[in-house]
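Inspection log for the structure reproduced underneath, given as structure tokens.
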Amino acid sequence: MMSNEFEGNVALVTGGSRGIGRAIAGELAAGGAKVAILGRDGDAAAEAASNLPGSGHGGWSCDVADSEAVNSQVKAVESALGPVGILVNNAGLTRDNVLMRLKDEDWELVMDVNLKGAFNTTRALTRGMMKRRSGVIINITSVVGLTGNAGQSNYAASKAGMVGFTKSVARELASRGVRCNAVAPGYIETDMTDALDEGQQEALRSRIPLGRFGAPEDVAEVVRFLAGPSARYITGQVLAVDGGMVI
Ligand code: NAI
């Protein structure tokens, strides 16, 4: 793989301070991009940015669910680093419960962060990408958005929503030189999955044909491929990175 395929390009990664987003930011930086990390905690975002390979990266505090904050922070990023050519919508959270016990707030928060958050950042960057007739958008969904999952109806709905969003954006922006794809991770070892106990982890592992949980890098390297020139003829796709869980 080329080692500097993103030279001269700027990548924006939401939720890039830890976990999968941090690994994605690392891969894009290793490919030569200047990376902007947007996170709820500005200090954590700045810390993560300062540890990326290369130079010129930065961290900004932003709640992706807040469209005004997104619009103003996207402007701040572009005036500091230049036009964003790669957007990775990675920020996400869970508020799991069985349907009967899900509160309005659990539904709304998960939809607002996972689905509306992706809309907010994409809308904020679309005009510039269309004008330049180039851009790449990658949405981090989940295999749960494809299969559903008991106890995660809000999360699965938000992730399935991202699939429809990805396909629509791909159709709408293809003629303007902008590609949009989604990556659907299976079970990846991060803070999000740390919450599971040993028994739950063992039961899950037995459902993964490749026999192990994924690492953030397993997802990040696929994002790097989709963002790069080797994926120039791929748009509107959902690529599962799940050790074969969903075949
Ligand atoms: P994580 O919890 O370690 O990281 C999520 C990041 O998003 C954090 O940096 C967090 O601060 C940020 N974030 C949350 N709400 C935000 C908001 N309102 N505004 C800005 N940033 C916000 O989770 P992980 O595992 O790294 O997940 C990353 C993405 O991958 C998420 O979208 C998640 O749904 C998805 N995913 C994760 C899987 C896993 O097994 N870990 C499986 C499938 C999908």
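Just so you know, all these numbers are worked out from the coordinates, no wet-lab data involved. The structure displayed is predicted, hence computed values, not measured ones. All Cβ positions, even for glycine, are placed from backbone atoms using ideal geometry, and neighbour counts span all protein chains on display.
Criterion applied to Gly59, Gly21, Gly85 was being more than 9 Å from the ligand (Cβ to nearest atom), closer than 23 Å to Val183 by Cα and not in a loop (DSSP other than H, G, I, E, B), and the one residue passing it is Gly85.
Scan segment 128-176 residue by residue and report those that are among the β-branched types (Val, Ile, Thr) and away from the ligand (no atom under 11 Å from the Cβ).
To start, the set of residues in segment 128-176 that are among the β-branched types (Val, Ile, Thr) comprises 136-138, 140-141, 143-144, 147, 163, 166, 169.
Answer for segment 128-176, where residues must be among the β-branched types (Val, Ile, Thr) and away from the ligand (no atom under 11 Å from the Cβ): Val136, Ile137, Ile138, Thr147, Val163, Thr166, Val169.
Condition check ((1) surrounded by 15 or more Cβ atoms within 10 Å (Cβ to Cβ); (2) within 17 Å of Asn9 (Cα to Cα); (3) free of Cβ contacts under 8 Å to residues at least 60 places away in the same chain) across all residues:
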residue	(1), (2), (3)
Leu102	yes, no, yes
Asn120	yes, no, yes
Thr126	yes, yes, yes
Arg132	no, yes, yes
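Looking only at residues of segment 1-18 that are within 13 Å of the chain's Cα centre (by Cα) and crowded, with 23+ Cβ neighbours inside 10 Å, we find that the one that is nearest to the ligand (Cβ to nearest atom) is Gly15.
Among the residues of segment 25-47, what is the count of those that are under 19 Å from Ser61 (Cβ atoms), surrounded by 24 or more Cβ atoms within 10 Å (Cβ to Cβ) and within 16 Å of the ligand (Cβ to nearest atom)?
Result for segment 25-47: 7.
When Glu68, Glu78 are screened for being within 14 Å of the ligand (Cβ to nearest atom) and acidic (Asp, Glu), only Glu68 passes.
Could you tell me whether any residue of segment 178-192 is surrounded by fewer than 18 Cβ atoms within 10 Å (Cβ to Cβ) and over 16 Å from the mean Cα position of the chain (by Cα)? Spell out the reasoning first.
Of segment 178-192, the ones surrounded by fewer than 18 Cβ atoms within 10 Å (Cβ to Cβ) are 189, 191-192.
If we keep only those that are over 16 Å from the mean Cα position of the chain (by Cα) too, we end up with none.
Looking through segment 178-192, none of the residues is surrounded by fewer than 18 Cβ atoms within 10 Å (Cβ to Cβ) and over 16 Å from the mean Cα position of the chain (by Cα).
Would you check if there is a residue in segment 222-236 being hydrophobic (A, V, I, L, M, F, W, C), assigned to a loop (DSSP other than H, G, I, E, B), out of contact with any Cys (no Cβ under 6 Å at 6 or more places or on another chain) and closer than 24 Å to Arg22 by Cβ? No, that holds for no residue. Considering segment 193-212, and only residues there that are within 22 Å of the chain's Cα centre (by Cα) and in a helix (DSSP H, G or I), the residue that is surrounded by the most Cβ atoms within 10 Å (Cβ to Cβ) turns out to be Thr193.
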